[in-house]
Structure formats: C-alpha cells, structure tokens
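K.L.:
Here it is, the structure, as structure tokens.
The values are calculated or read from the model by the stated rules, or taken from the named source; none is laboratory data. If you're wondering where the values come from, they're calculated on a predicted model, not measured in any experiment. Heads up, the Cβs are rebuilt from the backbone with ideal geometry, glycines too, and the neighbour counts pull from every protein chain shown.
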Amino acid sequence: MVLPRNRSRSAKRVFKRTPTGRNVLHYKKRRLRMPLCRLCGAGLGGVNNSRRASKSEKVPTRIFAGQICAGCTAEIVKMKSRVALGEMKLEDASMAQREFIKMLK
C-alpha cells in the first residue's frame, strides 16, 4: 500500500527500472520554484528557497519583501509620493501597482 503522504499529487512519481528488469515506482519531493516578482516577473534576490530555512531566513526584512523586487518597490514608493503631492492620479498606475500603492501608509 502507498504511504498516505504519497497518495496526493504533491509527490512526483518516478518510474525506475531495477537491475532485475522490474519497473518500480519511486516518489520524490517536487523541486521548489524560484520566487518571482509579482509585477515584473524577475527573480527575487535575497530570498532563500529552502524548505529547511526558518521564516526569518527566507524573506528579507524590508517593505514588500518576498512579493516584489527592489526596483518595483522603488517605483511604488515614488508613485505613492506623487499621488500624495497631486502630481499623479492613482488611476494612472496599473491595477497591480495600485494594490501596492494602497498598502503604503
């Protein structure tokens, strides 16, 4: 009988041929994807992608860390200040950017 943890599709199924010629089924953990920026799709720097790392080791301690890259964060902060000064309307930003602009105080 298959172990309960392997009954779902969260474990990758790999067929192996043994030296005797039998085909057997092995289960492997799926590989973790690199975290990507939600706005531009670039890889996030400083984010540890290990299952064994604690939460404080995985994500840097800055605003929007683990969600958007540093370049997009700088853009969001600039847009927020422009909206506050009246140089720009909130509607001028994209829908994805508006979500982050609203999160800033």
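K.L.:
What is the number of the single condition among (1) at pLDDT below 90; (2) surrounded by fewer than 10 Cβ atoms within 10 Å (Cβ to Cβ); (3) not β-branched (Val, Ile, Thr) that GLY66 does not meet?
P.N.:
(2)
K.L.:
Within the range 51-79, which residues are over 13 Å from the mean Cα position of the chain (by Cα) and over 18 Å from CYS40 (Cβ atoms)?
P.N.:
ARG51, ARG52, ALA53, SER54, LYS55, SER56, GLU57, THR61, listed by residue number.
K.L.:
Across the range 44-54, what is the total count of residues that are without any contact (Cβ under 8 Å) to a residue 24 or more places away in the chain and either of a type in the set (Ser, Thr, Tyr) or surrounded by 10 or more Cβ atoms within 10 Å (Cβ to Cβ) (or both)?
P.N.:
Going through the range 44-54 one residue at a time, the tally reaches 7.
K.L.:
Now, a different point. Condition (residue is surrounded by fewer than 13 Cβ atoms within 10 Å (Cβ to Cβ), assigned to a helix (DSSP H, G or I) and at pLDDT below 90) applied to the range 70-84: is it met by at least one residue?
P.N.:
For the range 70-84, residues surrounded by fewer than 13 Cβ atoms within 10 Å (Cβ to Cβ), assigned to a helix (DSSP H, G or I) and at pLDDT below 90: absent.
K.L.:
Then there's this: Just one of GLU57, GLU87 is exposed (fewer than 14 other Cβ atoms within 10 Å of the Cβ), part of a helix (DSSP H, G or I) and either among the charged types (D, E, K, R) or in contact (Cβ under 8 Å) with a residue 60 or more places away in the chain (or both); which is it?
P.N.:
Numbers: GLU87 fails: part of a helix (DSSP H, G or I).
Criteria check complete, one pass: GLU57.
K.L.:
Across the range 12-43, what is the total count of residues that are within 28 Å of the chain's Cα centre (by Cα), of a type in the set (A, V, I, L, M, F, W, C) and modelled with pLDDT of 90 or more?
P.N.:
6
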